[in-house]
Amino acid sequence: MGVLSGLEPHKVFGFFEEICGIPHGSGNVKEISDYLVQFAKDRQLTWVQDELNNVIIVKEATKGYDQEPAIILQGHMDMVAVKKPKLDMDMKVEGLRLAVKGDLIYAQDTSLGGDDGIAVAYALALLDSTNLAHPRLEVVITVDEETGMEGARGIDLSMLKGRRMVNLDSEEEGIFLTSCAGGAAVHAYVPYGSREKEGLLYRISVEGFLGGHSGAEIHKERGNSNCLMGRVLYKLTKEVPVCLESLQGGLADNAIPRQTTATVIISQDDQKKFEEIIASVAKEIRTELAVKDPDVAIAVWPEEGSVCNHICVDEESTAALAAYLVALPNGVQAMSADVPGLVETSLNLGIMKLDRQEQELVCDFSVRSCIASAKQSLVEKVCAVTELAGGCYSVTGDYPGWAYRADSPFREKMIRVYQRMYGKMPEIQAIHAGLECGILADKLDDLDCISIGPDMKDIHTTEETLSISSTVRVWEYLVELLAEKDFV
């Protein structure tokens, strides 16, 4: 018996649990892609699997719906696979360990992948149905949305007849998304010099951050552990000779990092001063983030009890890398002048690591803006700071924003169905997070698209949850929407 076996609708939660049992972090999607193909084969549905492992599955209209416009249902099969630091689990080969608490589904000590596993579960439940009325369904499940939308960028949609699409990659029930920001990833590489140094090896951990999605939650101004580690190192290098031995933080460029660790070498004579500086910076940061990120902590402890020799980043390079991290922009850069409360432009230093083999600091950023020129300007700013630090960079995964469509018959239909079911208007919103709608709209002329989804919290973190009751309501809404005829 599965953990979710007692939940209804049985097919939705059953398929979701099957999906969670298959490792499907970004870049590790072959197994789940093949699972989707086998699902289609078993039901004798039309399917396509491309070289990227994107999958399209088509189910023809039920009786009486042949003349209705085809509807595209779209989501992505990959998830941001993160786990708690001490968890002994390989998410590349092991499935998630699901649990239920009250109205919430979660995965024990890992992210859940409700973003976007529940979209896939909805689609499979509809494709598997034998008693639901619907027009021709064209299900498009892409790969690696979380790492640059490469699946959406490379997919061939020429076989599709539909020009109405429900994107199922949203996390708030009752909100219809109609536009989103564009984005890009910047990868920076800053070289350093190394030396052998005698001294004490200390570990520093900047931890306890709430984290979150760098699009959906960047406006909450939570702490970024990578940036704050840069601040700690910068303060240290200004007062005591410090050499970096290791540096690592963050798990995905589009997830606000929650923990960053470093090991540094100091002289025995500087031990007291070193610990005083750490304590002072920790107090400053806790005060600044007392409300926004209340559990932030900076822990420090000696790795070895005696003076030893270590190969490390030299003092000059350590100071330069710390200055680079402090100089970088991060977080919200501009708010929209047109839409109150909407972030216009932001960036997130999501991954940072010291590559000892290449002797360089590697930093991965997620840049977003609903204005293309502002996005480009911010990308250039990161690149310029990197150049000034003597580094180089590359830019990947540049995707367009999804523009609002003033004339949208499909949106009006979706609103009409929602009002009839719930007696109120849904909220019509634009978001700062990226969706694949803009890329897919470039491939399909006159695509009329809305994004919806059930309530999820803390996506891309180990605290991610999916609401059971909201999942049920969104399912009921989808069933009603598909049954609603345009031609009576």
Checklist entry - In segment 392-451, how many residues are over 26 Å from His213 (Cα atoms) and either in a strand (DSSP E or B) or open to solvent by 40 Å² or more (accessible area, probe 1.4 Å) (or both)? => result 17
Checklist entry - What is the one condition in (1) in a strand (DSSP E or B); (2) at pLDDT below 95; (3) within 26 Å of Ala188 (Cα to Cα) that Gln248 does not satisfy? => result (2)
Checklist entry - With (1) under 20 Å from Leu160 (Cα atoms); (2) more than 24 Å from the chain's Cα centre (by Cα); (3) not in a loop (DSSP other than H, G, I, E, B) as the list, and Gln38 as the residue in question, which single condition is left unmet? => result (1)
Next on the checklist: I need every pair where a residue in segment 1-21 that is closer than 15 Å to Leu104 by Cβ and open to solvent by less than 70 Å² (accessible area, probe 1.4 Å) has its Cβ under 7 Å from the Cβ of a residue that is in a helix (DSSP H, G or I) and among the charged types (D, E, K, R), sequence separation at least 6 or different chains.
Outcome noted: Leu4/Glu17
Next on the checklist: Among the residues of segment 205-221, what is the count of those that are of a type in the set (A, V, I, L, M) and in a loop (DSSP other than H, G, I, E, B)?
Outcome noted: 2
Checklist entry - Pick from segment 286-319 the residues that are in contact with a strand residue (DSSP E or B) (Cβ under 8 Å, 6 or more places away or on another chain), buried (at least 19 other Cβ atoms within 10 Å of the Cβ) and among the hydrophobic types (A, V, I, L, M, F, W, C): which of them is nearest to Gly193 (Cα to Cα)? => result Val313
Checklist entry - Can we say Glu239 is open to solvent by 10 Å² or more (accessible area, probe 1.4 Å) and in contact with a helix residue (DSSP H, G or I) (Cβ under 8 Å, 6 or more places away or on another chain)? => result yes
Next on the checklist: I want to confirm something. Restricting to segment 329-344 and keeping residues that are at pLDDT 95 or above and either over 21 Å from the mean Cα position of the chain (by Cα) or not hydrophobic (A, V, I, L, M, F, W, C) (or both), which single residue is most open to solvent (accessible area, probe 1.4 Å)?
Outcome noted: Gln333
Checklist outcome for this item: When every residue in segment 140-191 that is over 30 Å from Ser467 (Cα atoms) and assigned to a helix (DSSP H, G or I) is compared, the one modelled with the lowest pLDDT is Arg153
Next on the checklist: I need the full set of residues from segment 41-75 which are of a type in the set (S, T, N, Q), part of a loop (DSSP other than H, G, I, E, B) and within 27 Å of Leu112 (Cα to Cα), in order please.
Outcome noted: Asn53, Asn54
Item to check | Only listed residue being out of contact with any Asp or Glu (no Cβ under 9 Å at 6 or more places or on another chain), surrounded by fewer than 20 Cβ atoms within 10 Å (Cβ to Cβ), of a type outside the set (Lys, Arg) and free of Cβ contacts under 8 Å to residues at least 12 places away in the same chain, chosen from Gly64, Gly102 | outcome: Gly102
Next on the checklist: Looking only at residues that are aliphatic (A, V, I, L, M) and open to solvent by 40 Å² or more (accessible area, probe 1.4 Å) in segment 41-57, which one is farthest from the chain's Cα centre (by Cα)?
Outcome noted: Val48
Item to check | Enumeration of residues in segment 22-35 that are open to solvent by less than 30 Å² (accessible area, probe 1.4 Å) and either without any contact (Cβ under 8 Å) to a residue 40 or more places away in the chain or in a loop (DSSP other than H, G, I, E, B) (or both) | outcome: Ile22, Pro23, His24, Val29
Item to check | Residues satisfying the stated conditions in segment 452-483, i.e. open to solvent by less than 40 Å² (accessible area, probe 1.4 Å) and part of a loop (DSSP other than H, G, I, E, B) | outcome: Ile452, Gly453, Pro454, Ile459, His460, Thr461, Thr462, Glu464
Checklist entry - Looking at segment 91-119, which of its residues are of a type in the set (S, T, N, Q) and outside any strand (DSSP E or B)? => result Gln108, Ser111
Checklist entry - Looking at Gly211, Gly230, which one is in contact (Cβ under 8 Å) with a residue 24 or more places away in the chain and at positive phi? => result Gly211
Checklist outcome for this item: Inside segment 105-132, the number of residues satisfying the requirement of being open to solvent by 20 Å² or more (accessible area, probe 1.4 Å) and under 22 Å from Leu210 (Cβ atoms) is 3
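The values are calculated or read from the model by the stated rules, or taken from the named source; none is laboratory data. These numbers were taken from a predicted model, which means no experiment stands behind them. Because the Cβ atoms are built from the backbone with ideal geometry, glycine has one as well, and the counts that use them run over all protein chains shown. Side chains included, ligands, DNA and RNA excluded: accessible areas come from the protein's heavy atoms. Shrake-Rupley method; radii C 1.70, N 1.55, O 1.52, S 1.80 Å.
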